[in-house]
Amino acid sequence: MYQEGENKDINSKIQRAGRRTYFFDVKETKAGDYYLTITESKKFTNEDGTFHFKKHKIYLYKEDFNDFKNNFEEMTNFIISEKGEEVISERHQKDYTPVKPDNNSDESEFSDVDFEEV
């Protein structure tokens with residue numbers, strides 16, 4: 001139950017994006033006004049197979065909404081106009097699995113060339 005001094009949760013939305021999850025939460029201040037928190041939660045796997053999350057949070061208040069929205073729109077439009085909507089880095093694909101080098105392989109990145117044979 002909501003107690004005096006706590007910030008009351010009003011509305012929430014979750015956006016999953018690969019290893020990241022974004023939480024958009026509308027909260028109520030003690031004075032009864034609303035503000036927005038945006039939380040990025042990113043999952044990391046430890047060497048032993050367990051995992052942990054790192055979280056980053058932004059608090060956005062009504063008096064900053066217009067400037068934030070305008071700057072966000074300007075920057076996202078710039079990125080799309082410069083680089084398009086297609087994701088360039090394969091690392092950001094939802095099904096991306098890094099290729100681990102085979103340490104047992106005799107293959108090398110470079111091959112020996114004897115220029116006398118050419």
Next item on the list: Show which lysines lie in cross-link reach of K54 when reach means a straight Cα distance below 22 angstrom and same-chain residues fewer than eight apart are skipped.
Entry: K13, K27, K42, K43, K94
Next item on the list: Please sort by residue number the chymotrypsin sites (Phe, Trp or Tyr not before Pro) in region 1-79 whose DSSP state is loop and whose Cβ has at most 14 other Cβ atoms within 10 Å.
Entry: Y2
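Loop-only GluC sites (Glu not before Pro) in region 1-76, please: DSSP not H, G, I, E or B, and at most 15 other Cβ atoms within 10 Å. Show your work: numbers first, answer last.
On the way: sites: E4, E6, E28, E40, E47, E63, E73, E74; in loops: E4, E6, E47.
Taking region 1-76 and a limit of 15 other Cβ atoms within 10 Å, the loop GluC sites (Glu not before Pro) found are E4, E6, E47.
In a shell of Cβ-Cβ distance under 13 Å around K57, excluding K57 itself, what net charge do Lys and Arg (+1) and Asp and Glu (-1) give?
Details: positive: K27, K42, K54, K55; negative: D25, E40.
Charge balance near K57 sits at +2.
Bear in mind that the values in this text are calculations on the coordinates, not laboratory data. Since we're looking at a predicted model, the values are computed, not measured. Because the Cβ atoms are built from the backbone with ideal geometry, glycine has one as well, and the counts that use them run over all protein chains shown.
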